[in-house]
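Trainee: This is the structure I want to talk about, given as structure tokens.
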Amino acid sequence: MHEAWGDLINEISGCTKCRLCENRTNVVPGEGNPRAKIMFIGEGPGRDEDMQGRPFVGASGQLLDRMIHAIGMERTEVYIANIVKCRPPMNRNPEPDEAAACMPYLRNQFKLISPQIIVLLGKVACRYVLQDESPISRLRGNWILRKGVWFMPTYHPSALLRAPEKKREAWEDFKMIKAKLMEVSHRGEV
Ligand code: URA
């Protein structure tokens with residue numbers, strides 16, 4: 001692994017910047033291809049992720065895997081990370097100060113990967129990455145271009161598990177993501 005990656009992962013793994021470090025079993029820094037064209041950003045680790053130290057390995061992770069397959073990719077080809085790297089108690093949403101403490105890690109991951117597309121999974125990811133408090137039902141399905149990077153907000157997989165009727169819209173979003181991936185690959189756009 002690139003030295004900068006090793007340093008970053010070590011720093012994340014030893015982090016005590018916020019109260020979430022107190023109850024964690026494992027830190028969940030993120031995983032995938034460090035040169036991925038596409039990055040997925042969730043909210044924070046749940047119970048399974050905390051146990052294993054890996055993002056999206058529980059029920060919502062299985063659905064995310066299927067969504068990644070739907071765009072013709074494998075999990076190992078993309079990069080998956082979260083807003084916070086430690087599990088919030090009882091899976092509550094991260095508090096603003098917890099997200100603020102953790103966001104520099106995500107920014108550094110983003111800088112090292114330099115993806116062309118970022119898929120924001122759910123409202124919490126949109127709130128902290130885009131600083132947009134709009135409902136996910138309004139944000140989803142619309143590309144946002146910032147500094148040459150394409151952002152696509154979509155439903156969090158756990159929302160799809162709770163409300164399967166939203167899967168049709170999520171599928172529309174993933175068709176747009178697949179098309180954008182092909183577009184940026186052909187253009188070699190940065
Ligand atoms: N939900 C998330 O937002 N992230 C995970 O890693 C797992 C579940």
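The values are calculated or read from the model by the stated rules, or taken from the named source; none is laboratory data. Keep in mind that this is a model prediction, so the values were computed, not measured. Glycine also receives a Cβ, built like all others from the backbone with ideal geometry; neighbour counts cover every protein chain displayed. Each accessible area value is taken on the protein alone, full model and side chains, heavy atoms only, with ligands, DNA and RNA left out. Shrake-Rupley method; radii C 1.70, N 1.55, O 1.52, S 1.80 Å.
Trainee: Restricting the search to segment 126-179, which residues are among the charged types (D, E, K, R) and either closer than 19 Å to MET103 by Cα or touching a Phe, Trp or Tyr at 6+ places or on another chain (Cβ under 9 Å) (or both)?
Mentor: Let us first name the residues in segment 126-179 that are among the charged types (D, E, K, R), namely 127, 132-133, 138, 140, 146-147, 162, 165-169, 172-173, 175, 178.
Hits for segment 126-179 are ARG127, ASP132, GLU133, ARG140, ARG146, LYS147, LYS166, LYS167, GLU169, ASP173.
Trainee: Take VAL149 and decide whether it is at pLDDT below 95, among the hydrophobic types (A, V, I, L, M, F, W, C) and farther than 26 Å from ARG24 by Cα.
Mentor: Numbers: at pLDDT below 95: no; among the hydrophobic types (A, V, I, L, M, F, W, C): yes; farther than 26 Å from ARG24 by Cα: yes.
No; evaluated as a whole, the condition is false for this residue.
Trainee: GLN52: touching a Phe, Trp or Tyr at 6+ places or on another chain (Cβ under 9 Å), open to solvent by 60 Å² or more (accessible area, probe 1.4 Å) and either at pLDDT 95 or above or not charged (D, E, K, R) (or both), yes or no? Please lay out each step first, then the result.
Mentor: Details: touching a Phe, Trp or Tyr at 6+ places or on another chain (Cβ under 9 Å): no; open to solvent by 60 Å² or more (accessible area, probe 1.4 Å): yes; either at pLDDT 95 or above or not charged (D, E, K, R) (or both): yes.
It is false that GLN52 is touching a Phe, Trp or Tyr at 6+ places or on another chain (Cβ under 9 Å), open to solvent by 60 Å² or more (accessible area, probe 1.4 Å) and either at pLDDT 95 or above or not charged (D, E, K, R) (or both).
Trainee: Scan segment 1-17 and report the pairs whose first residue is open to solvent by less than 100 Å² (accessible area, probe 1.4 Å) and whose second residue is among the aromatic types (Phe, Trp, Tyr) and outside any helix (DSSP H, G or I), with Cβ atoms within less than 7 Å and a gap of 6+ or a chain change.
Mentor: As it stands, the answer is none, since no pair meets every condition given.
Trainee: So, of the residues in segment 149-162 that are open to solvent by less than 30 Å² (accessible area, probe 1.4 Å) and over 12 Å from the mean Cα position of the chain (by Cα), which turns out to be nearest to MET176 (Cα to Cα)?
Mentor: Per the criteria, the residue is VAL149.
Trainee: Taking the stated definitions as given, is ARG138 loosely packed, with under 13 Cβ neighbours inside 10 Å and farther than 24 Å from LYS111 by Cα? Lay out the reasoning, then the answer.
Mentor: On the way: loosely packed, with under 13 Cβ neighbours inside 10 Å: yes; farther than 24 Å from LYS111 by Cα: yes.
So ARG138 fits the description; yes.
Trainee: Shifting gears a bit: Any idea which of VAL190, VAL184 is open to solvent by 30 Å² or more (accessible area, probe 1.4 Å), more than 14 Å from the ligand (Cβ to nearest atom) and at pLDDT below 95?
Mentor: Working: VAL184 fails: open to solvent by 30 Å² or more (accessible area, probe 1.4 Å).
None of the other options fit; the residue is VAL190.
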